[in-house]
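Heads up, the thing below is written out as structure tokens.
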Amino acid sequence: MTTPDAAPPPLRLVFWELTARCNLRCRHCRAEAGDGPAEDETPTAEILRIADGIGAALDPIVVLTGGEPLMHPDFFRIARHCADRICRVAIGTNGVLIDRVCARELRAAGVRRVGVSLDGASAATHDAFRGQPGSLDAALRGIAACRAEGLPVQINATVTRHNENELDDLLRLALEAGADAFHLFMLVPVGCGATLADEVRLPPERFEAILRRLYARSVELADRLHVKATCAPQYLRIARQDRDRPRSLPPLLDGATPPPAARPHGHAGGHPGGHPAGAGDAMKAVTRGCLAGSGVCFISRTGDVQPCGYLPIAVGNVRSTPLAEIWRAAPLFAALRDPANLRGKCGVCGYRRVCEGCRARAFAATGDVLGEEPECPYEPPASATAAAPDGGHRA
């Protein structure tokens with residue numbers, strides 16, 4: 001069993017929430033963002049100091065988020081400082097504020113990838129979910145500006161009942177926009193997402209079907225678009241189950257397919273799961289489903305460190321303790337790194353080492369961060385405790 005004193009695994013991704021300020025009112029917002037800065041936001045000078053420590057001790061990709069990070073008055077100063085100290089910097093944005101000037105500044109600041117959220121392939125769907133008319137058109141203009149400036153773009157889509165039938169249209173939109181990657185997010189019920197009614201959230205069986213469709217599309221589009229599911233660790237189970245019997249779907253694009261868009265910054269095609277090579281490839285490496293505390297962590301706008309942005313358990317604060325020390329010594333991180341600690345059906349599932357279940361959804365549903373994933377319909381066979389399809393055995 002992993003202990004806090006054992007050598008920690010490499011920290012691959014840090015999601016760093018700079019601010020709660022946002023220009024949209026998304027129905028599923030984790031951050032419950034608002035108009036102005038929160039009084040407890042970490043001052044810029046401290047952010048720069050913390051970045052120095054991260055760069056000196058660790059080598060993660062840092063994704064600057066919010067709220068809307070571009071609403072932070074010192075965003076470009078922070079991004080440039082992080083790029084100088086940590087090397088690989090990305091941004092998660094709604095895209096509405098990006099024009100050619102902004103895109104040029106993003107590239108000059110050292111940003112290596114721009115993640116833009118699209119929650120519908122039509123304005124009616126996206127704008128209703130994002131709470132602002134015209135937000136889809138504005139986001140698409142932002143994506144076009146980034147592509148014109150040579151910035152790789154990742155499209156992030158959260159799927160619920162409002163857009164569950166638009167998956168193929170969203171993938172077409174991503175291809176037409178010249179995106180490098182398409183990540184489908186499974187809703188985690190925290191923040192504003194916890195208030196979404198059951199008639200909006202998808203039942204587990206329906207999500208399972210959507211993930212199987214997504215995997216089939218990922219195989220079809222492997223040489224043109226990196227496709228994966230996020231906050232859906234069961235996607236790796238599905239990939240293992242379906243890789244030898246891929247689902248047959250009508251082609252996404254009829255007739256002659258367009259050539260791939262230009263892929264700057266080291267993009268390489270191929271199916272997810274390869275080893276990182278260039279900067280672009282490092283952002284698409286896949287090891288297992290839930291990486292909270294084992295490959296990923298989150299820094300809140302107050303400096304609290306959490307296993308992920310959807311799991312609101314603070315294990316330390318970077319304003320008083322270096323992130324490298326928190327990453328090495330936090331007992332919760334040590335517990336999350338060992339699938340033998342899982343309980344319920346996750347603890348006996350043969351796919352636990354490649355999936356591990358969403359720890360944030362388990363915590364939201366039961367208060368037990370190591371409990372079973374409540375939105376996975378897979379039932380392990382009775383013999384699962386003996387041998388596992390992932391090659392692991394229960395401790």
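Numbers for the structure displayed
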item	result
Single unsatisfied condition, ALA179 versus (1) of a type in the set (Gly, Ala, Ser); (2) at pLDDT 95 or above; (3) surrounded by fewer than 20 Cβ atoms within 10 Å (Cβ to Cβ)	(3)
Residue list for segment 91-107, restricted to those being crowded, with 22+ Cβ neighbours inside 10 Å and either closer than 19 Å to LEU58 by Cα or free of Cβ contacts under 8 Å to residues at least 40 places away in the same chain (or both)	ILE91
Tally of residues being open to solvent by 10 Å² or more (accessible area, probe 1.4 Å) and within 23 Å of ALA365 (Cβ to Cβ) across segment 301-332	11
Conditions (1) open to solvent by less than 10 Å² (accessible area, probe 1.4 Å); (2) of a type in the set (S, T, N, Q); (3) closer than 23 Å to GLY309 by Cα; number of the one not met by ASN156	(1)
Where LYS345 falls short, out of the listed (1) surrounded by fewer than 20 Cβ atoms within 10 Å (Cβ to Cβ); (2) assigned to a loop (DSSP other than H, G, I, E, B)	(2)
Some residue of segment 136-143 being assigned to a helix (DSSP H, G or I), touching a Ser or Thr at 6+ places or on another chain (Cβ under 8 Å) and among the aliphatic types (A, V, I, L, M)	yes
ALA282 vs. criteria open to solvent by less than 30 Å² (accessible area, probe 1.4 Å), at pLDDT below 95 and under 20 Å from the mean Cα position of the chain (by Cα)	yes
Residue match in segment 314-326 (condition: at pLDDT 95 or above, among the polar types (S, T, N, Q), within 16 Å of the chain's Cα centre (by Cα) and not in a helix (DSSP H, G or I))	no
Pairs, first open to solvent by less than 10 Å² (accessible area, probe 1.4 Å) in segment 218-234, second among the β-branched types (Val, Ile, Thr) and not in a helix (DSSP H, G or I), C-beta under 6 Å, six or more apart	SER218/VAL227; LEU221/VAL227
Given (1) buried (at least 20 other Cβ atoms within 10 Å of the Cβ); (2) modelled with pLDDT of 95 or more, index of the condition PHE76 fails	(1)
Answer from LEU252, LEU211 - the residue that is out of contact with any strand residue (DSSP E or B) (no Cβ under 8 Å at 6 or more places or on another chain), open to solvent by less than 10 Å² (accessible area, probe 1.4 Å) and under 23 Å from HIS126 (Cα atoms)	LEU252
Flag for ALA239 being surrounded by fewer than 21 Cβ atoms within 10 Å (Cβ to Cβ) and part of a helix (DSSP H, G or I)	no
Total residues in segment 149-165, condition in a loop (DSSP other than H, G, I, E, B) and on the phi < 0 side of the Ramachandran plot	7
Condition check for ALA330: touching an Asp or Glu at 6+ places or on another chain (Cβ under 7 Å) and at pLDDT 90 or above	no
Selection within segment 122-139 - surrounded by fewer than 24 Cβ atoms within 10 Å (Cβ to Cβ), over 20 Å from ARG201 (Cβ atoms) and touching a residue at least 40 places away in the same chain (Cβ under 8 Å)	SER122, GLN132, ALA138
Breaking point among (1) open to solvent by 10 Å² or more (accessible area, probe 1.4 Å); (2) out of contact with any strand residue (DSSP E or B) (no Cβ under 8 Å at 6 or more places or on another chain); (3) not in a loop (DSSP other than H, G, I, E, B), for ALA362	(1)
Odd one out for GLY110, checked against (1) at pLDDT below 95; (2) touching a helix residue (DSSP H, G or I) at 6+ places or on another chain (Cβ under 6 Å); (3) open to solvent by 10 Å² or more (accessible area, probe 1.4 Å); (4) not charged (D, E, K, R)	(1)
Hey, CYS87 surrounded by fewer than 19 Cβ atoms within 10 Å (Cβ to Cβ) and closer than 30 Å to LEU48 by Cβ or not	yes
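Residue by residue, here is whether (1) surrounded by fewer than 21 Cβ atoms within 10 Å (Cβ to Cβ); (2) modelled with pLDDT of 90 or more; (3) not charged (D, E, K, R) holds:
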position	(1), (2), (3)
THR3	yes, no, yes
PRO9	yes, yes, yes
LEU18	no, yes, yes
CYS26	no, no, yes
GLU32	yes, no, no
ALA38	yes, no, yes
GLU46	yes, yes, no
ASP52	yes, yes, no
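The values are calculated or read from the model by the stated rules, or taken from the named source; none is laboratory data. Being a predicted model, the structure only gives us computed values, none of them experimental. Ideal geometry is used to build each Cβ from the backbone, glycine not excepted, and the neighbour counts take in all protein chains shown. Side chains included, ligands, DNA and RNA excluded: accessible areas come from the protein's heavy atoms. Shrake-Rupley method; radii C 1.70, N 1.55, O 1.52, S 1.80 Å.
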